[in-house]
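Here's the structure, in structure tokens; my notes come after.
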Amino acid sequence: MGLFGRKKRPEHPERRGKPFDALVVGLGNPGAKYSRTRHNVGTETIELLAKRLAVTLKTGRDRALTSEVHAGTKHFLIATPTTYMNESGNAVGSLARRFAIDDPLKIIIVHDELDLEPGVVKIKSGGGLAGHNGLQSVTQHLKNQDFIRIRIGVGKPASKEAGADHVLSKIPAGERELLDISVQIAADAVQLIIAEGLDAAMRNINAR
């Protein structure tokens, strides 16, 4: 069987060799208009990882910028969708299928989280979607919501109706400094999960 119960497609040449240890996707919106907004902290995390790992994110055929990473004994893919947030699952589902990443615990999604205060980063596996359009799209395409989430707190808006403005507007300098630190912690979290496993990473990151 293939991705989460689907019939596996014929082997593709790109799948040969060492299997992937993880697919890491940072959610956000494309374009300069949304750069450095709360909704794009997931994208920023992947961009930071690319710098740390000295790799270049390149346009592929899966509606995403991607790069394969070989770090020690680990082989993983980092990606940012080139779609808008509410269509993130198009890229995640396509990448998971093409690279034969069938285990949801090998899929790490980095995203903004309204239920956490700015500066707070938490890891969890599975659970609810909290109305997050990106997570809902990913779940729809994977037909599963047991993937790992790295949640970067951006705080709640003044009202539910102000949610879109809150995550898409420019950020005050003081809060932006907190989010810059959070992005670094989120990148640490990705590397810990891949190097040491989910439980060890949760003990380290969630205790901060």
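The values are calculated or read from the model by the stated rules, or taken from the named source; none is laboratory data. Note that the coordinates shown come from a computational prediction; the quantities given were computed from them, not determined experimentally. Glycine also receives a Cβ, built like all others from the backbone with ideal geometry; neighbour counts cover every protein chain displayed.
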Conditions first: (1) modelled with pLDDT of 90 or more; (2) loosely packed, with under 14 Cβ neighbours inside 10 Å; (3) under 18 Å from Asn86 (Cα atoms). Gly127 passes all but one, so which condition is the exception? (3)
For Val154, all conditions in the list (1) touching a strand residue (DSSP E or B) at 6+ places or on another chain (Cβ under 6 Å); (2) surrounded by fewer than 16 Cβ atoms within 10 Å (Cβ to Cβ); (3) closer than 17 Å to Thr43 by Cβ hold save one; what is the number of the exception? (2)
Subset of the stretch 105-115, residues at pLDDT 95 or above and surrounded by fewer than 18 Cβ atoms within 10 Å (Cβ to Cβ), comes to Leu105
Mind checking which residues of the stretch 62-114 are touching a residue at least 12 places away in the same chain (Cβ under 8 Å), in a loop (DSSP other than H, G, I, E, B) and not aliphatic (A, V, I, L, M)? Asp62, Arg63, Gly72, Thr82, Thr83, Tyr84, Phe99, Asp102
Collect the residues in the stretch 166-185 that are without any contact (Cβ under 8 Å) to a residue 40 or more places away in the chain and not hydrophobic (A, V, I, L, M, F, W, C), keeping them in residue-number order. Pro172, Gly174, Glu177, Asp180
Can you find a residue in the stretch 54-61 that is touching a residue at least 60 places away in the same chain (Cβ under 8 Å), over 16 Å from the mean Cα position of the chain (by Cα) and surrounded by fewer than 18 Cβ atoms within 10 Å (Cβ to Cβ)? no
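For (1) in contact with a Lys or Arg (Cβ under 9 Å, 6 or more places away or on another chain); (2) surrounded by fewer than 15 Cβ atoms within 10 Å (Cβ to Cβ); (3) closer than 25 Å to Ala32 by Cα, each residue gets a yes or a no:
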position	(1), (2), (3)
Asp165	no, yes, yes
Ala187	yes, no, yes
Ala195	yes, yes, no
Leu198	no, no, no
Asn206	yes, yes, no
Assuming Ala50 fulfils every condition listed in (1) closer than 21 Å to Val167 by Cβ; (2) surrounded by fewer than 23 Cβ atoms within 10 Å (Cβ to Cβ); (3) not aromatic (Phe, Trp, Tyr) apart from one, which condition is it? (1)
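Filtering the stretch 186-206 down to residues that are free of Cβ contacts under 8 Å to residues at least 40 places away in the same chain and not hydrophobic (A, V, I, L, M, F, W, C), which residue is nearest to Lys51 (Cα to Cα)? Quick ask: steps written out before the conclusion?
Within the stretch 186-206, the first condition is being free of Cβ contacts under 8 Å to residues at least 40 places away in the same chain, and the residues that meet it are 188, 192, 196-197, 199-200, 203-204.
With the extra rule that they be not hydrophobic (A, V, I, L, M, F, W, C), the set shrinks to 188, 196-197, 199, 203-204.
On the way: Asp188: 13, Glu196: 21, Gly197: 22, Asp199: 26, Arg203: 26, Asn204: 23 Å.
This residue is Asp188.
Yes/no matrix, rows are residues, columns are (1) charged (D, E, K, R); (2) farther than 30 Å from Lys18 by Cα; (3) touching a Phe, Trp or Tyr at 6+ places or on another chain (Cβ under 7 Å):
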{"residue": "Glu87", "(1), (2), (3)": "yes, no, no"}
{"residue": "Ala91", "(1), (2), (3)": "no, no, no"}
{"residue": "Ser94", "(1), (2), (3)": "no, no, no"}
{"residue": "Phe99", "(1), (2), (3)": "no, no, yes"}
{"residue": "Ile107", "(1), (2), (3)": "no, no, yes"}
{"residue": "Val121", "(1), (2), (3)": "no, yes, no"}
{"residue": "Gly131", "(1), (2), (3)": "no, yes, no"}
{"residue": "Asn144", "(1), (2), (3)": "no, no, yes"}
{"residue": "Phe147", "(1), (2), (3)": "no, no, no"}
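If I filter the stretch 29-44 down to residues being assigned to a loop (DSSP other than H, G, I, E, B) and in contact (Cβ under 8 Å) with a residue 60 or more places away in the chain, which single residue comes out as farthest from His70 (Cα to Cα)?
Out of the qualifying residues, it is Thr37.
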What is the residue count in the stretch 177-197 for residues that are within 14 Å of the chain's Cα centre (by Cα) and of a type in the set (A, V, I, L, M, F, W, C)? 8
